[in-house]
Structures are given as C-alpha cells and as structure tokens.
Amino acid sequence: MSTTEQPAESPQAHGWRAHLRWLIPVAFLGVVGWLVWRGVDEFDLPELQRTLLDVPTLPAIGVALLALVSVAFTGLIDVVIARWLSLSISARELLRLSFVANALANALNLYGTMGSGVRLLGFAARGVELGRSAALIGLQVLSLPLGLSVLIIITVALGSRPITPSATTQWLAMGVLAAAACYLPAFFVLTRNRRLMRWLPHGSDLPPLRLKITLAALSFVDWVLSAAVLYGCLYISGAHVKPGPLLGSFAAAQTLGLLSLIPGGFGVFDGLMLLALTSGGYDNAAVLSGLFLFRIAYYLLPLLSGLYVGSGMLVGQLPVFARATARLRAHPLFGVLGLPGDLLAGFGIRVLAVLIFAAGVLLLSSAAIPAVHEHIVVVRHFLPLAAVEGSYWLSILTGVLLLGLGRGIDGRLRVAYNLAQPVLMLGAVLAVTKGLHFGEALFLLAIAALLRLRKREFTQRAMSLTSVTTFAWLSGLIVVVLAFFAIGIWAVLGDDSFDLWYFGVGEHSSRIARGLFAAAIGLFGYLAWQSFAVRRPALKLPDHAELERAREVYSKHGGGEFAHLSFMGDKHLFWSGDHGAVVGYGAVRDRLVALGSPCGPESAIKRAILDFRQFADAQDRVPVFYEVLEPDLSLYHDLGFDLFKLGELATIRLSEFTLAGKRWEDLRQAVNRSAKEQLEFELVEPPFDTVLMTQVERVSDAWLADKDAHEKGFSLGRFDPEYFSWSPLALVRRAGEVIAFANVLPPYGPNGTASVDLMRHLDGAPRGTMDFLFARVMQWAKDRGYESFSLGMAPLSAVGDNPYARINERLAALAFQYGGRFYNYQGLRRYKEKFQPEWTGAYLAYPRGLWVPALLVDIAALVSGGYRRFIFGGR
C-alpha cells in the first residue's frame, strides 16, 4: 500500500464510532449526576430565585461585557494563524467570522464541528483556498487546549489544588490535571513531525517555535478570561471563592467537560463545579446562581450576539454560502468534520426557534416557582392585585404560545413571525408586572430583536402538519406543558388550605392552580390556530379561460413534449412572476410535481423554475420536475437540483418519413394490409358530436376491460371528451364502425413536435391496425409541414448502463434488464429503435438530499390517480 492510500473504514468501526458519540455523553452525565446526588444535600429553588434576583445590576453588566471580550479574544488565534498562512482576508473580517464561529461553538458544538463548519463555509464563500482554510481550522482546533494545559501547569506549580469532597476524588482530579498538562509538550513535539502535519498546504513549512509559543500564550489568556468570567459570576452571586482553588477546579471540570463531547460541557462542567464548591463550604444557592449566570454570560449572551453579527455577515451572502456549501459537500473534509449542513444552511433560524421555545420554558418555569414576597409587595404599590394576578395568568398563556411558535419559526412561517413578535413583547411586560423579573424581560426582548433582524427570511406561507419535524416540536410542547401540570398538581396536593379562588401575595398553590387553566387554554388555542393558520392553501385546477391563456403561450413560444397534457384538467397551472411562462403540475403528499419544463420565452424559463421552487418552498413542499429533457439540464443544475435519468424520448424527423425502404417496412406492410382488411383512416377535427364520442368511449372501455386496467392521468392520457375537444382525433373504421382511435397532439410553436397520446383499439381489430393508424398520422403531420414526430418515451432506456453511474440509476438498469415480467421495457425500446429515431434523455430534477425511490413511488401514485388506486387499483 502506498503512503497516500488510506485503509477504508469498516462499517463495524463506523457503527461503533456512532454509538460512542452518544454513549460517552450519557456516561459522563450519569456519573456526574450520581456524584451530585450523593454529594449535594438539597436544592432550594425559592432561595436560588432570591439569590438571582439580588444580583447587583452594574456588576452583572460588567461580567457580561467581560464574557463578550473573552469570546472575541479567541479570534486573535485565527488572526495569528491566518497571517502565518498568508490568507487574503482582513483581520476585521476574520475577527467577525471567528466571533460568530466561537459563539456558536461554545453553545452548540456538535462533536467539535460547529466552529470548524462556520469557518469553513465563511472561508469558502470568500474564495479562500480550501487547503489553507483547512490548515487554519486544524491548527486553531489544536491550539485551543494549549492554554488549558498551561493554566493547569501554573496552577499546580503554585500549589493550588482543585476543591474535592474526598481524598479519592482529589487524586482523581489530580490525575485528570496531569493528563491534560501533557498536552502542551505533546503539541510542541508532534507538530515537528512532517508526516503528522501532512494536512498543511503543499509547500508550507512546519509551524515555527515562535508561532507555537504565541498560540499557547493567546490560548492561556483566553482560558484565564473564561475563568475570570466564572469568578465574577460566583462573586456577584455571593460565593466568594479564592482564585487559586477555583482555577484548579475550573481546569479539571473543563477538561472533563471537553472529553464528554457535550456542547459546552453542559451538565458535566456544572455538576462538577457544584460538587467541588459545595464540598468546600460555599452556599448551595449562591454556587448554583453563579453557574447559572456563567451559562448566560459566557454562552447565551455571546450566542445571541453571534447571531446578531452573523445575521448581517451571512444573510447578505446567502447565495454565496449556498454555492460554497454545494462545492464543499463533495470534499472529504466536509464528511470528516461531519458538518451539520442543515443548521449551517439555515444559519440562526433554528437557533432562534430553540430560543423562542426556551423563552416559553422560562415563562412557565418562573410561574412554577413561588414568587419572591418582597418583589410582589413592591409591584402591589403600583398595580392593583387583579393586574398582578392577571399578569401571572397571562404569562403562562404566553409561555405556552411561545412553545408552540418555535415550530413555526423553525419553518420560517411569516404568520408565526408576525405572532411571535407581539407575544415576546407582551411576555417581557408581563415578566415585570408579575414580579419584577427584569432578567426574564431582557431575555425576551433580546430574542424579539434578533427575530426582527431576520424578518426577510420568513417567507413561508404554510407548513406540513404531519411531518416528523412537526411531531417532534409538538411532543416538546406537550411534554413541557405536562411537566407544568405535574408541578401545579403537586403544589395543590401539598397545600392543606388550598382555595382556588383565594387571591393574595403568598398563595402560590392557588395561583398555579388557576394557571393550569391558562396552560390548557394556551395549548388548545395554539393547536386550533396551527390547524387553520398554517394549513397549506387549496390548489385550484384551471378553468377553460386559463387553459386558453396557456394555449396562447404554447402556440407562441412552444410547448415542449408535454404541454398539451395540461388540457386534461387534472394538473394545476403555475405562472411565473412576470406571467410570461407556465408549467403544469400535480400534487401528491408534500410533493409538487411539474410535468416537463416551463413553457414560455427562452429568457423566462430559468426564472419560472426558480419561481416554482420558491412557490413550493413557501408551502413547505418539495418541488420536482418530471421528464425534463437534456437541453434544459444546465438550468436545473445551476438552480440546485439533482438529476436522475428516467429514460429516453424517441423523435423522428418527418422529412425522412416515407413508406419506402426497410426502415419503414412494418408501417408499409400495415398500410398494405389495411386495404385487404377494408380499414379506413379518418382524422376528425373538434368539435365532436355525441354519436362519435359514444363510439370512441365503447372502444376505450373495451380496451380497459381487456387489459384489466383503469384510467390514469398526469403524464398519461385518458378518455375524457373535454380533453379530446382540444385536438384532432385519428380514427380507424371497418365497415363504418370505429375499431381504433388516438388523440393527436399538435405541435406548438415554431419548432414543435407532433405526437399521439391515447391509443386504443378493440380486441378483435386486425393485426397491424395501430401501425396503420401511426403511419397515417405521421403522413398527415408531414403533409401539414410539421418538422418532427415524437414516438414517446422508452422508460429506463440507457439508464445506469455504465459502472460509474449512480447507485439509483444502476438499480434502475437492473429493472430495465430483468423487469420484463412487470413492464416490457426492452420490447418497447426495440419497437421504437427500428424507426431509427433520435434519442433524447429525459430526467427527474429534484432538490438535493431526497431519496429517489420514494419520489418515483409518489409519481407513480400521482399517475394512477392517488395512493388508493395505486395500491388497490379500481376506478
């Protein structure tokens, strides 16, 4: 094996790695939870609330600013590495990008990929060479733990050991610190190995000693600033911890938090710090309050700030970022990092949805905890008791609504945005009037401000009410409301003097019992609103006047191969924004399936495709284009569609058509035989009389009965007098009786193609009857001066016929080769091949990431007239 080859990872190894990604966090949380349960006596929620409310405002603002400075300072590591790599990006722009990446990584890091993913997309969108971008990301990730290692070495050298509840845990903590301290020398040694650093850009030198010392120093300051934020949070909460022991405990907890693979070490870091500081004699409520403030200051506040900065930096370049995502998706680094592409593509919106859901949880949580007596007394000096009680009741209703609105925000619903803004504002006011909860109010106002910044992105008009995503959000809503109900019922059962209608300052059980009704009203009110306000609008079928408008477009600009099928009346018509182009489409499940490409001026086709995609997106539907032909493929590729080959379309030039020669031997024999069989051909123009329609319907019904089939639709014609009235009928008679027919599809536009759609005959019709009809229709089309005639599709023809084809197309090739029992794929291809036609590939264009077999099943159901007919058959 050469040095450039890498052994392929076995499925077993990949499976174990996937399992470890959730087993390790669960194990860490379980162990820490068990230690906290054993080591901490009790949690006094009212005392915790009182401690938080007593935090002085100005020092809290100072700690918050320090936290923002700390997160921003980390960006200097990016700047130093970028200068060494000679990246063509300004320091200011790099600091902004790194701030957004670090803010997201702190709060939402998924196995270490969030910050790397944001950086990678940001660099790609700015045209930075991928190899140098990857080198910066790799060196930045390796540099971050350096400061923690330095901090541990200095702390231990100064004799400051972590606070622990026992000698055993003291030794375990020291072991963790010793292992983490080894990272610093390991980094300096291993980064001198060219083979280990082969991911650096070609021709780059190894990181010099000066660079490594600079990175270690910057990382050290970064970790010290983080520890200073924690110290400040604990101090203003009343836990005056000595810096030395705090640094030791902080370093050990952060090390284990990093190893837990949990974003921000959430739960692991907090539990270990709580266990350490309470065992050191510090007040339980003060420590919990300080840790809570640390999460807000160092994680939540930078996250909100990062979203603010990112909304201006990324939203303005969404097309650039979309192209960057598409370009990176095929690169190995994208897969190695496991980038959360959906979250990055919808940057910030899902985070905002989670924050709105969290705001609902916060409102319900504050309602579930007894109010601070002193604050209620202050509020009562300014507001009557009814206003205070009403604020409490309405805050619960508001909280439930915010829980539900998270789904609409996640789905970019305009109506959800319009409702969430006033609900957040109302919630902020109620947070103050119910008990002077200023922090709660500021949090709600901050979310409202961030939501306002992303206003232009809320373009959806509807969403699916039966999707997995909707059920997941709804489950979260119900779980939180049920938890609130459980707390309320527990409070009522624990109060021997409970009186539902008692209104007073200290009657928490009565207040929360009344709040249960608000929660129920909010839940059912939201579900009712969701059922009506976000329902997809009904799709209307075109009337005769709209079909006439469509025919004018077809006649002027051409209608492709499938335009005439829009006159069946089973397809909706979508008009582009300038009404210059039109496309017929059908709906099945959450798919909008367009038949062929839009018809209209060539300059309007691309706009129509994009408009149709946006129309589908606005309803949370999937846009699909069925049977688009090779000349249009570049348009779909440029607009972000993937392609799957469905087969090939056979077309003959009518200038080459003649009944002489071997090429047309079958048709010539059919025409000669028609005279012996006394067959007569007639092409009848509409309108058709009732007698003729009755004869044609008799042939059609007999054909269906003989085939044990039922009428289909969408891309296949069906017997319908209204549909037949839009074009001529080709008839074959014997002794005056109609024994076969076909409706003729006229060509549209300057270079249109004639064809036939529905072809049916009686079972007793002479052999060669349909060939005779075919020959006469082609002769008629040639006599009319038409240039080409379509023989229709050969499904799965020339699909996946090489070893480099996609797996879906290679499976389709197997169906073409061995599926003759169910459909005569090869026979149809051979029949059309004898006319030596020109073959044009027909494709399915669909948004990236969809599973093609499921799409094909949906389209088959659409053609059959719905899933009931597709599965059970029948009329």
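The set of residues from region 140-175 being modelled with pLDDT under 85, surrounded by fewer than 18 Cβ atoms within 10 Å (Cβ to Cβ) and among the hydrophobic types (A, V, I, L, M, F, W, C) comprises ALA157, LEU158, ALA167, TRP171, LEU172, MET174.
Residue-wise test of (1) in contact (Cβ under 8 Å) with a residue 24 or more places away in the chain; (2) under 51 Å from the mean Cα position of the chain (by Cα); (3) under 25 Å from GLU561 (Cβ atoms); (4) crowded, with 18+ Cβ neighbours inside 10 Å.
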residue	(1), (2), (3), (4)
GLU722	yes, yes, yes, no
ALA730	yes, yes, yes, yes
GLY736	no, no, no, no
ILE739	yes, no, no, yes
SER755	yes, yes, yes, yes
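A single entry from ALA705, ALA735, ALA754 fulfils the requirement of being touching a strand residue (DSSP E or B) at 6+ places or on another chain (Cβ under 7 Å) and among the aliphatic types (A, V, I, L, M): ALA754. The single condition among (1) open to solvent by 30 Å² or more (accessible area, probe 1.4 Å); (2) outside any strand (DSSP E or B); (3) out of contact with any helix residue (DSSP H, G or I) (no Cβ under 6 Å at 6 or more places or on another chain); (4) touching a residue at least 12 places away in the same chain (Cβ under 8 Å) that ASP611 does not meet is (1). For region 224-331, list the helices (runs of 4 or more DSSP H) that sit wholly inside it and hold at least 1 residues that are closer than 25 Å to LEU146 by Cα and at pLDDT 80 or above; which are they? Qualifying helices (runs of 4 or more DSSP H): 243-259, 268-279, 284-295, 301-314.
Yes or no, residue by residue, for (1) under 19 Å from ALA462 (Cβ atoms); (2) open to solvent by less than 50 Å² (accessible area, probe 1.4 Å); (3) without any contact (Cβ under 8 Å) to a residue 60 or more places away in the chain:
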| residue | (1), (2), (3) |
| --- | --- |
| PRO542 | no, yes, yes |
| SER555 | no, no, no |
| GLY559 | no, yes, no |
| HIS564 | no, yes, no |
| GLY584 | no, yes, yes |
| VAL588 | yes, yes, no |
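The lone criterion from (1) modelled with pLDDT of 90 or more; (2) open to solvent by 20 Å² or more (accessible area, probe 1.4 Å); (3) within 20 Å of SER674 (Cα to Cα) left unmet by ARG767 is number (1).
Table: residues versus (1) in contact with a helix residue (DSSP H, G or I) (Cβ under 6 Å, 6 or more places away or on another chain); (2) open to solvent by less than 20 Å² (accessible area, probe 1.4 Å); (3) in a strand (DSSP E or B).
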| site | (1), (2), (3) |
| --- | --- |
| LEU397 | yes, no, no |
| LEU403 | yes, yes, no |
| GLY406 | yes, yes, no |
| ASN418 | no, no, no |
| LEU424 | yes, yes, no |
| GLY439 | no, no, no |
| ALA446 | yes, no, no |
| ALA472 | no, no, no |
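Is it the case that some residue within region 813-820 is touching a helix residue (DSSP H, G or I) at 6+ places or on another chain (Cβ under 8 Å), surrounded by 21 or more Cβ atoms within 10 Å (Cβ to Cβ), modelled with pLDDT under 65 and not in a strand (DSSP E or B)? Yes - at least one qualifying residue is present in region 813-820.
Here is a yes/no grid of residues against (1) touching a His at 6+ places or on another chain (Cβ under 6 Å); (2) modelled with pLDDT of 80 or more; (3) open to solvent by 20 Å² or more (accessible area, probe 1.4 Å):
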| site | (1), (2), (3) |
| --- | --- |
| ASN824 | no, no, yes |
| THR840 | no, yes, yes |
| ALA845 | no, yes, no |
| LEU850 | no, yes, yes |
| ALA854 | no, yes, yes |
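Within region 522-539, if we keep just the residues that are among the aliphatic types (A, V, I, L, M) and in a loop (DSSP other than H, G, I, E, B), the residue that is modelled with the lowest pLDDT turns out to be VAL534.
So is SER116 farther than 22 Å from LEU247 by Cβ, modelled with pLDDT under 80, touching a Leu at 6+ places or on another chain (Cβ under 7 Å) and surrounded by 19 or more Cβ atoms within 10 Å (Cβ to Cβ) or not?
Taking the combined requirement at face value, the residue satisfies it.
Checked against the criterion of being at pLDDT 70 or above and under 26 Å from SER365 (Cα atoms), region 34-54 has at least one qualifying residue. Set side by side, the residues ASP706, ASP689, ASP666 differ, and just one is within 22 Å of GLY865 (Cα to Cα) and open to solvent by 20 Å² or more (accessible area, probe 1.4 Å), which is ASP706.
Yes/no per residue for (1) under 28 Å from VAL354 (Cα atoms); (2) open to solvent by 10 Å² or more (accessible area, probe 1.4 Å):
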| site | (1), (2) |
| --- | --- |
| PHE73 | yes, yes |
| ILE77 | no, no |
| ARG92 | no, yes |
| PHE99 | yes, yes |
| ALA107 | yes, yes |
| ALA134 | no, yes |
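Among residues of region 686-706 that are under 12 Å from LEU731 (Cα atoms), those with a Cβ under 7 angstrom from a residue that is modelled with pLDDT of 90 or more and in a loop (DSSP other than H, G, I, E, B), sequence gap 6+ or separate chain, pair up as VAL699/LEU762. Pairs linking a residue in region 410-436 that is in contact (Cβ under 8 Å) with a residue 40 or more places away in the chain and under 18 Å from LEU477 (Cβ atoms) to a residue that is open to solvent by 20 Å² or more (accessible area, probe 1.4 Å) and assigned to a loop (DSSP other than H, G, I, E, B), with Cβ atoms under 7 Å and 6 or more positions apart or on different chains, are GLY411/ASP620. Residue check, PHE562 against (1) among the hydrophobic types (A, V, I, L, M, F, W, C); (2) modelled with pLDDT of 90 or more; (3) touching a Leu at 6+ places or on another chain (Cβ under 7 Å); (4) more than 30 Å from ILE409 (Cα to Cα), all met but one. Which one? Unmet condition: (2). GLU711 fulfils the conditions (1) open to solvent by 50 Å² or more (accessible area, probe 1.4 Å); (2) at pLDDT below 90 except for a single criterion, (1). The set of residues from region 451-469 being open to solvent by less than 80 Å² (accessible area, probe 1.4 Å) and touching a Gly at 6+ places or on another chain (Cβ under 8 Å) comprises ARG454, GLN460, MET463, THR469.
Looking at ALA462, ALA431, ALA483, ALA472, just one residue is within 16 Å of the chain's Cα centre (by Cα) and modelled with pLDDT under 85, and that residue is ALA462.
Residue count for region 205-223 under the criterion of being open to solvent by 20 Å² or more (accessible area, probe 1.4 Å) and not in a helix (DSSP H, G or I): the result is 3. In the set (1) modelled with pLDDT under 90; (2) out of contact with any Ser or Thr (no Cβ under 8 Å at 6 or more places or on another chain); (3) open to solvent by 60 Å² or more (accessible area, probe 1.4 Å); (4) of a type outside the set (S, T, N, Q), GLU682 fails one condition alone, (1). Kindly provide the set of residues from region 64-111 that are within 20 Å of ALA228 (Cβ to Cβ) and assigned to a loop (DSSP other than H, G, I, E, B), ordered by number. Within region 64-111, THR74 is the sole residue that qualifies.
The values are calculated or read from the model by the stated rules, or taken from the named source; none is laboratory data. Here the structure is a predicted model, which means the values were calculated and not measured. Quick reminder, even Gly has a Cβ in these numbers, built from the backbone with ideal geometry, and neighbours come from all protein chains shown. These accessible areas exclude ligands, DNA and RNA; they are computed on the full protein's heavy atoms, side chains included. Shrake-Rupley method; radii C 1.70, N 1.55, O 1.52, S 1.80 Å.
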